[in-house]
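Please read the structure below before turning to the comments.
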(Lines give C-alpha, C1' and ligand atoms only; values in the text may rest on other atoms or scores of the structure.)
Protein backbone atom coordinates (compact mmCIF):
# COMPACT_ATOMS: atom_id res chain seq x y z
CA UNK A 1 0.00 0.00 0.00
CA UNK A 2 1.16 3.52 -0.80
CA UNK A 3 2.64 5.18 2.32
CA UNK A 4 0.59 8.33 1.73
CA UNK A 5 -2.64 6.33 1.57
CA UNK A 6 -1.63 4.66 4.83
CA UNK A 7 -1.37 8.07 6.53
CA UNK A 8 -4.81 9.00 5.21
CA UNK A 9 -6.23 5.75 6.59
CA UNK A 10 -4.60 6.52 9.96
CA UNK A 11 -6.22 9.97 9.98
CA UNK A 12 -9.61 8.43 9.17
CA UNK A 13 -9.15 5.83 11.90
CA UNK A 14 -8.02 8.23 14.62
CA UNK A 15 -10.79 10.78 13.90
CA UNK A 16 -13.51 8.19 13.43
CA UNK A 17 -14.54 9.88 10.16
CA UNK A 18 -16.94 7.58 8.33
CA UNK A 19 -18.53 9.61 5.55
CA UNK A 20 -18.28 8.65 1.91
CA UNK A 21 -15.60 10.54 -0.06
CA UNK A 22 -16.71 13.45 -2.18
CA UNK A 23 -16.61 13.16 -5.96
CA UNK A 24 -13.27 14.91 -5.98
CA UNK A 25 -12.64 18.60 -6.32
CA UNK A 26 -11.03 19.81 -9.47
CA UNK A 27 -7.49 20.89 -8.75
CA UNK A 28 -6.80 21.58 -12.44
CA UNK A 29 -7.47 25.33 -12.17
CA UNK A 30 -5.29 25.63 -9.07
CA UNK A 31 -2.41 23.64 -10.57
CA UNK A 32 -2.64 25.54 -13.87
CA UNK A 33 -2.48 28.89 -12.09
CA UNK A 34 0.44 27.78 -9.91
CA UNK A 35 2.22 26.14 -12.84
CA UNK A 36 2.90 23.02 -10.79
CA UNK A 37 1.02 19.91 -9.59
CA UNK A 38 0.19 19.59 -5.89
CA UNK A 39 0.98 16.59 -3.66
CA UNK A 40 -1.39 13.69 -4.30
CA UNK A 41 -1.85 12.83 -0.61
CA UNK A 42 -3.20 16.32 0.08
CA UNK A 43 -5.65 16.18 -2.83
CA UNK A 44 -6.83 12.73 -1.72
CA UNK A 45 -7.24 13.88 1.89
CA UNK A 46 -9.38 16.80 0.67
CA UNK A 47 -11.47 14.33 -1.35
CA UNK A 48 -11.97 12.07 1.66
CA UNK A 49 -12.90 14.85 4.12
CA UNK A 50 -15.50 17.50 3.35
CA UNK A 51 -14.36 21.04 4.25
CA UNK A 52 -14.03 21.44 7.99
CA UNK A 53 -11.54 21.39 10.84
CA UNK A 54 -9.35 18.63 12.23
CA UNK A 55 -9.78 18.66 16.02
CA UNK A 56 -11.83 21.84 15.51
CA UNK A 57 -8.46 23.51 14.87
CA UNK A 58 -6.69 22.79 11.55
CA UNK A 59 -8.31 23.96 8.32
CA UNK A 60 -7.12 22.80 4.89
CA UNK A 61 -7.11 25.19 1.95
CA UNK A 62 -9.29 23.96 -0.90
CA UNK A 63 -9.86 24.34 -4.61
CA UNK A 64 -12.21 27.17 -5.73
CA UNK A 65 -15.90 26.74 -5.08
CA UNK A 66 -15.60 23.96 -2.52
CA UNK A 67 -18.38 24.70 -0.01
CA UNK A 68 -17.32 28.22 1.01
CA UNK A 69 -13.86 27.04 1.93
CA UNK A 70 -10.71 28.97 2.45
CA UNK A 71 -9.30 28.78 -1.08
CA UNK A 72 -5.70 27.86 -1.79
CA UNK A 73 -5.40 30.14 -4.84
CA UNK A 74 -6.85 33.16 -3.04
CA UNK A 75 -4.46 32.67 -0.14
CA UNK A 76 -1.50 32.21 -2.49
CA UNK A 77 -2.34 35.43 -4.36
CA UNK A 78 -2.69 37.30 -1.06
CA UNK A 79 0.67 36.02 0.23
CA UNK A 80 2.45 37.06 -2.97
CA UNK A 81 1.82 40.76 -2.36
CA UNK A 82 4.98 42.79 -1.72
CA UNK A 83 3.82 43.94 1.71
CA UNK A 84 3.83 40.34 2.99
CA UNK A 85 7.05 39.09 1.38
CA UNK A 86 9.18 39.52 4.51
CA UNK A 87 6.86 37.24 6.49
CA UNK A 88 7.92 34.27 4.38
CA UNK A 89 11.69 34.74 4.64
CA UNK A 90 13.96 32.96 4.10
CA UNK A 91 11.85 30.84 1.70
CA UNK A 92 9.68 33.34 -0.13
CA UNK A 93 6.37 32.54 -1.78
CA UNK A 94 6.34 30.10 -4.68
CA UNK A 95 5.98 31.51 -8.16
CA UNK A 96 6.41 29.81 -11.51
CA UNK A 97 8.99 32.51 -12.24
CA UNK A 98 10.99 31.73 -9.07
CA UNK A 99 10.81 27.95 -9.33
CA UNK A 100 10.65 27.40 -5.57
CA UNK A 101 9.05 28.84 -2.45
CA UNK A 102 6.16 28.33 -0.06
CA UNK A 103 2.61 27.38 -1.01
CA UNK A 104 0.28 27.45 1.98
CA UNK A 105 -1.99 24.40 2.34
CA UNK A 106 -3.49 24.99 5.77
CA UNK A 107 -3.99 27.28 8.73
CA UNK A 108 -5.18 26.98 12.29
CA UNK A 109 -7.18 28.87 14.88
CA UNK A 110 -4.14 30.65 16.38
CA UNK A 111 -2.48 32.01 13.21
CA UNK A 112 -0.37 28.93 12.50
CA UNK A 113 0.56 28.48 8.85
CA UNK A 114 1.31 25.20 7.10
CA UNK A 115 3.04 25.21 3.73
CA UNK A 116 4.92 23.12 1.24
CA UNK A 117 8.39 24.14 0.21
CA UNK A 118 7.45 23.75 -3.44
CA UNK A 119 9.96 23.30 -6.20
CA UNK A 120 8.84 22.88 -9.79
CA UNK A 121 11.88 20.66 -10.45
CA UNK A 122 11.05 18.24 -7.61
CA UNK A 123 8.26 15.64 -7.43
CA UNK A 124 5.43 17.31 -5.43
CA UNK A 125 4.93 14.21 -3.26
CA UNK A 126 8.44 14.75 -1.87
CA UNK A 127 8.02 18.44 -0.99
CA UNK A 128 8.74 19.09 2.69
CA UNK A 129 6.25 20.73 5.01
CA UNK A 130 7.34 24.10 6.39
CA UNK A 131 5.29 25.28 9.37
CA UNK A 132 5.03 28.33 11.57
CA UNK A 133 3.24 28.04 14.91
CA UNK A 134 2.47 31.75 15.32
CA UNK A 135 2.55 34.61 12.82
CA UNK A 136 6.03 36.10 12.78
CA UNK A 137 7.53 33.10 14.60
CA UNK A 138 10.26 30.86 13.24
CA UNK A 139 9.59 28.51 10.34
CA UNK A 140 10.30 24.81 10.91
CA UNK A 141 10.92 22.27 8.16
CA UNK A 142 9.63 18.69 8.23
CA UNK A 143 10.76 16.20 5.59
CA UNK A 144 7.54 14.19 5.54
CA UNK A 145 4.33 13.95 3.52
CA UNK A 146 1.53 16.37 4.33
CA UNK A 147 -0.71 13.61 5.67
CA UNK A 148 2.06 12.35 8.00
CA UNK A 149 2.38 15.90 9.40
CA UNK A 150 -1.41 16.21 9.88
CA UNK A 151 -1.63 12.83 11.59
CA UNK A 152 1.17 13.72 14.00
CA UNK A 153 -0.37 17.13 14.65
CA UNK A 154 -3.72 15.68 15.73
CA UNK A 155 -2.63 12.36 17.27
CA UNK A 156 0.98 12.55 18.52
CA UNK A 157 1.39 14.45 21.82
CA UNK A 158 5.17 14.43 21.32
CA UNK A 159 4.97 16.39 18.04
CA UNK A 160 5.77 19.72 19.68
CA UNK A 161 5.16 22.56 19.19
CA UNK A 162 2.52 21.71 16.58
CA UNK A 163 0.53 18.99 18.31
CA UNK A 164 -3.01 19.51 19.50
CA UNK A 165 -3.23 15.91 20.73
CA UNK A 166 -4.29 15.68 24.36
CA UNK A 167 -4.56 12.04 25.47
CA UNK A 168 -6.74 10.47 26.52
CA UNK A 169 -8.89 12.79 24.39
CA UNK A 170 -9.59 11.46 20.90
CA UNK A 171 -9.09 13.58 17.74
CA UNK A 172 -12.17 14.34 15.65
CA UNK A 173 -13.20 16.06 12.45
CA UNK A 174 -15.73 18.90 12.51
CA UNK A 175 -17.38 19.58 9.12
CA UNK A 176 -17.87 23.22 8.17
CA UNK A 177 -21.18 24.54 9.45
CA UNK A 178 -21.18 22.38 12.58
CA UNK A 179 -20.25 24.02 15.85
CA UNK A 180 -19.33 23.04 19.38
CA UNK A 181 -21.33 25.19 21.75
CA UNK A 182 -20.77 23.52 25.10
CA UNK A 183 -18.23 21.64 27.16
CA UNK A 184 -20.54 18.63 27.00
CA UNK A 185 -20.41 18.60 23.19
CA UNK A 186 -16.61 18.88 23.29
CA UNK A 187 -16.44 15.98 25.75
CA UNK A 188 -18.72 13.87 23.55
CA UNK A 189 -16.51 14.48 20.49
CA UNK A 190 -13.22 13.82 22.25
CA UNK A 191 -14.08 10.95 24.57
CA UNK A 192 -11.81 7.94 24.01
CA UNK A 193 -14.90 5.70 24.14
CA UNK A 194 -16.75 7.57 21.40
CA UNK A 195 -18.42 5.51 18.72
CA UNK A 196 -17.12 6.36 15.23
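Below is a table of values for the structure above.
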| item | result |
| --- | --- |
| All positions within region 125-139 that are over 17 Å from residue 6 (Cβ atoms) and over 15 Å from the mean Cα position of the chain (by Cα) | 134, 135, 136, 137, 138, 139 |
| Where a residue in region 110-122 is within 14 Å of residue 146 (Cβ to Cβ) and its partner, wherever it lies, is assigned to a loop (DSSP other than H, G, I, E, B), with Cβ under 7 Å and at least six apart | 116/39; 116/127; 117/91; 117/127; 117/128; 118/36; 118/94; 118/127 |
| Among the residues listed as 109, 185, the single one being loosely packed, with under 13 Cβ neighbours inside 10 Å and under 13 Å from residue 54 (Cα atoms) | 109 |
| Selected residue [more than 20 Å from residue 136 (Cβ to Cβ), surrounded by fewer than 19 Cβ atoms within 10 Å (Cβ to Cβ) and touching a residue at least 12 places away in the same chain (Cβ under 8 Å)] from 60, 73 | 73 |
| Residues being under 14 Å from the mean Cα position of the chain (by Cα), in a loop (DSSP other than H, G, I, E, B) and either within 18 Å of residue 110 (Cβ to Cβ) or modelled with pLDDT under 95 (or both) - total across region 143-166 | 3 |
| Criterion: farther than 26 Å from residue 186 by Cβ, in a strand (DSSP E or B) and in contact with a helix residue (DSSP H, G or I) (Cβ under 7 Å, 6 or more places away or on another chain) - qualifying residue of 140, 104 | 104 |
| Matching residues in region 167-182 - criterion: being in a loop (DSSP other than H, G, I, E, B) and in contact with a helix residue (DSSP H, G or I) (Cβ under 8 Å, 6 or more places away or on another chain) | 169, 170, 171, 172, 180 |
| Only listed residue being free of Cβ contacts under 8 Å to residues at least 24 places away in the same chain and closer than 19 Å to residue 116 by Cα, chosen from 141, 152 | 152 |
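Here's the yes/no breakdown for (1) in contact with a strand residue (DSSP E or B) (Cβ under 9 Å, 6 or more places away or on another chain); (2) closer than 22 Å to residue 127 by Cα; (3) modelled with pLDDT under 90:
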| residue | (1), (2), (3) |
| --- | --- |
| 19 | yes, no, yes |
| 29 | no, yes, yes |
| 38 | yes, yes, no |
| 61 | yes, yes, no |
| 68 | no, no, yes |
| 71 | yes, yes, yes |
| 79 | yes, yes, yes |
| 82 | no, no, yes |
| 85 | yes, yes, yes |
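Let's see how each residue does on (1) surrounded by 15 or more Cβ atoms within 10 Å (Cβ to Cβ); (2) under 13 Å from residue 58 (Cα atoms):
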position: 134; (1), (2): no, no
position: 145; (1), (2): yes, no
position: 160; (1), (2): no, no
position: 163; (1), (2): yes, yes
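The values are calculated or read from the model by the stated rules, or taken from the named source; none is laboratory data. Because the structure is predicted, anything quoted here is derived from the model rather than measured. Glycine also receives a Cβ, built like all others from the backbone with ideal geometry; neighbour counts cover every protein chain displayed.
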